[in-house]
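The values are calculated or read from the model by the stated rules, or taken from the named source; none is laboratory data. Fair warning: this is a prediction, and the values are worked out from it, not measured in the lab. Counting neighbours? That spans all protein chains shown, and the Cβs are built from the backbone with ideal geometry, glycine included.
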Amino acid sequence: MPAIRSLQTISKKWVDRAGSAGPQYADGVRTPKKDWAGAATAAQGNWDAGVQQAAQQKSFGKGVAKAGTPKWQAKAVSKGVPRFPQGVADAQPDYASGFEPYRNLIESTQLPARYPKGDPRNIDRVRAISQALRKAKTGA
């Protein structure tokens with residue numbers, strides 16, 4: 001039987017090697033072998049089939065159950081909290097351009113008259129915004 005290194009040794013080696021591969025990662029992103037968008041679009045059928053298979057096998061729920069709430073909480077706090085502010089700041093231009101059409105739609109939507117607080121007719125104002133946004137999102 002071949003000798004195999006301990007799990008601790010193997011996992012430490014992985015951290016050491018993968019943890020120093022940032023420049024190679026960046027190079028791979030900048031100069032991919034294939035265009036990412038083209039390859040991803042061409043893989044639509046494989047994605048569909050994989051998602052259907054995962055749904056049939058109940059993979060999502062099994063993965064959630066295996067990880068459990070404590071693991072999710074620990075990882076979200078230890079990784080997410082420190083990274084969140086910078087991620088939000090980096091995403092500001094994308095957020096602005098993505099939200100702009102909806103913001104403009106909200107601004108241009110003609111709302112029905114406002115009635116006294118608590119008047120059930122005020123729901124028509126909410127409905128007008130909801131319907132306009134849904135139409136914009138789905139094209140329906």
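Here are some notes:
- Criterion applied to 96, 74 was being at pLDDT 95 or above, more than 30 Å from residue 131 (Cα to Cα) and in a helix (DSSP H, G or I), and the one residue passing it is 74.
- Residue list for the range 25-35, filter: surrounded by 10 or more Cβ atoms within 10 Å (Cβ to Cβ) and not hydroxyl-bearing (Ser, Thr, Tyr): 26, 27, 28, 32, 35
- Meets criteria (free of Cβ contacts under 8 Å to residues at least 40 places away in the same chain and not in a helix (DSSP H, G or I)) for residue 62: no
- Qualifying residue in the range 86-100 (condition: within 30 Å of residue 18 (Cα to Cα) and of a type in the set (Asp, Glu)): yes
- Filter result for residue 51 (surrounded by 10 or more Cβ atoms within 10 Å (Cβ to Cβ), among the hydrophobic types (A, V, I, L, M, F, W, C) and assigned to a helix (DSSP H, G or I)): yes
- Answer residue from the range 98-140, given it is exposed (fewer than 10 other Cβ atoms within 10 Å of the Cβ) and within 28 Å of residue 88 (Cβ to Cβ) and is farthest from the chain's Cα centre (by Cα) among those: 108
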